[in-house]
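> My questions all concern the structure below.
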Amino acid sequence: MRIMISDQFQDFMKSLGIDLNDTLQRGGVNKVIWKENIELNDSEYWKLMNELDNELSDETIVNFSDIKKINSLMPSFFAALSARNGAEAIQRLADYKALVGPVKLNITKSQTTTSVQIVGNGIDFEVPRFTVMTEQLLLLSLLRVGTSEDVKPVQVASKYQYGKISNEFGIEPLMAKQNTIEFLNEDLQKNFISANNVMWEFIRPELDRRKLEIQSHKSLVENLQALLLKKIPSGEFGIDEIADSLNISRRTLQRSLKNLNTSFTEQVKIARQSLIEPFMKDASLDLVDVSYLLGYSDPESFSRAFKSWYEQSPSAYRKQLITK
């Protein structure tokens, strides 16, 4: 995925004590922000979220979640503030959430309330506390700024302790299995003083274009990743075999991946990294078994690749994983 990070947004983060390049490095993401673009796959995005979760205080999270400070820096939030009311604004955020990360807003409506669940798109682990807190606070900030009223949710819940952040909601958050925030429908129907249909019609084509670009990227890459995860342990994951399974030529696959600013080699690396943890957790597999299941011809090649990714040996990583 491609994340657009403007100079203004980087300056905003620095004002909160966050240097994104340093944070990426600490999170084990080997990427550097150059100008306004950064390419992160979903795994790298969640590593960044986990690192922000580790280093940011509750006060910083609250400041980070003030829509008045970031709406001009992120088009999807500006589009939401331009909506007629809260119901339309939340739907716009859900529609364009993919533009800022692999997070989904699942909206459930009843006769009197609307609940928004925050979930990770395509992950099998818990969404980090930082992501849950910021998404819930941003939704609340959106409604309060849009209506210029002290809107309160009827329920806020997650698996995390809220700490000082609980003061922001006006109600006591609950401990629960799902990450949700719920509002009265009558509050969501209140007119937004920030409504701006002219500006919405101006920015909508670009948002739709970027959304379509991401969906196109996801379609090929997700199919490719699904095949690689299945075929790497068997050793039959050469580019010709994979292209044949996708019913396209080798050249078409290479060209399509190049257009998406990635490559077959990069996608194999991502798939291997996705398989590492489940294989490492399997006590019946020794490191030689793991290396072969990841498609390496010998354990030494696996060890060299592993150290270049994680800056530690496979045995050290496994020991650390088991003691967590």
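Residue by residue, here is whether (1) touching a residue at least 40 places away in the same chain (Cβ under 8 Å); (2) hydrophobic (A, V, I, L, M, F, W, C); (3) crowded, with 19+ Cβ neighbours inside 10 Å; (4) closer than 30 Å to residue 151 by Cα holds:
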residue: 11; (1), (2), (3), (4): no, no, no, yes
residue: 39; (1), (2), (3), (4): yes, no, no, no
residue: 45; (1), (2), (3), (4): yes, no, yes, no
residue: 50; (1), (2), (3), (4): yes, no, no, yes
residue: 60; (1), (2), (3), (4): yes, no, no, yes
residue: 79; (1), (2), (3), (4): yes, yes, yes, yes
residue: 89; (1), (2), (3), (4): yes, yes, yes, yes
residue: 107; (1), (2), (3), (4): no, yes, no, yes
residue: 113; (1), (2), (3), (4): yes, no, no, yes
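> Only one of 93, 52 is out of contact with any strand residue (DSSP E or B) (no Cβ under 7 Å at 6 or more places or on another chain), closer than 25 Å to residue 11 by Cβ and of a type in the set (A, V, I, L, M); which? Walk me through it before giving the result.
Numbers: 93 fails: out of contact with any strand residue (DSSP E or B) (no Cβ under 7 Å at 6 or more places or on another chain).
Answer to the check: 52.
> Now for a separate question. Can you pull out the residues in the stretch 154-196 that are more than 24 Å from the chain's Cα centre (by Cα) and at positive phi?
Selection gives 170 alone.
> Still on this model: Residues of the stretch 133-185 being small (Gly, Ala, Ser) and buried (at least 21 other Cβ atoms within 10 Å of the Cβ), which ones?
Within the stretch 133-185, 141, 146, 157, 158 meet the criteria.
> Tell me which of these residue 8 doesn't satisfy, since it passes every other one: (1) modelled with pLDDT under 85; (2) under 16 Å from the mean Cα position of the chain (by Cα); (3) assigned to a helix (DSSP H, G or I).
Evaluating residue 8 over (1) modelled with pLDDT under 85; (2) under 16 Å from the mean Cα position of the chain (by Cα); (3) assigned to a helix (DSSP H, G or I) leaves (2) as the failure.
> For residue 304, are the conditions met, namely being basic (Lys, Arg) and over 27 Å from the mean Cα position of the chain (by Cα)?
yes
> Another question, if that's okay. Quick check, is residue 278 in contact with a helix residue (DSSP H, G or I) (Cβ under 8 Å, 6 or more places away or on another chain), closer than 30 Å to residue 318 by Cα and either at pLDDT 90 or above or not hydrophobic (A, V, I, L, M, F, W, C) (or both)?
It is false that residue 278 is in contact with a helix residue (DSSP H, G or I) (Cβ under 8 Å, 6 or more places away or on another chain), closer than 30 Å to residue 318 by Cα and either at pLDDT 90 or above or not hydrophobic (A, V, I, L, M, F, W, C) (or both).
> Could you please let me know if residue 96 is crowded, with 19+ Cβ neighbours inside 10 Å, in contact (Cβ under 8 Å) with a residue 12 or more places away in the chain, touching a helix residue (DSSP H, G or I) at 6+ places or on another chain (Cβ under 6 Å) and farther than 23 Å from residue 170 by Cα? Outline the logic, then answer.
Working: crowded, with 19+ Cβ neighbours inside 10 Å: yes; in contact (Cβ under 8 Å) with a residue 12 or more places away in the chain: yes; touching a helix residue (DSSP H, G or I) at 6+ places or on another chain (Cβ under 6 Å): yes; farther than 23 Å from residue 170 by Cα: yes.
Yes; evaluated as a whole, the condition is true for this residue.
Matching residues to (1) exposed (fewer than 13 other Cβ atoms within 10 Å of the Cβ); (2) closer than 29 Å to residue 38 by Cβ:
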residue	(1), (2)
228	no, yes
239	no, yes
251	yes, yes
275	no, yes
284	yes, no
289	no, no
301	no, no
307	no, yes
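> What number of residues within the stretch 115-131 satisfy the criterion of being surrounded by fewer than 20 Cβ atoms within 10 Å (Cβ to Cβ) and modelled with pLDDT under 90?
Counting residues in the stretch 115-131 that are surrounded by fewer than 20 Cβ atoms within 10 Å (Cβ to Cβ) and modelled with pLDDT under 90 gives 6.
The values are calculated or read from the model by the stated rules, or taken from the named source; none is laboratory data. Model, not experiment: these values are computed from the prediction. Neighbour counts are summed over all protein chains in view; Cβ atoms, including those assigned to glycine, are modelled from backbone coordinates with ideal geometry.
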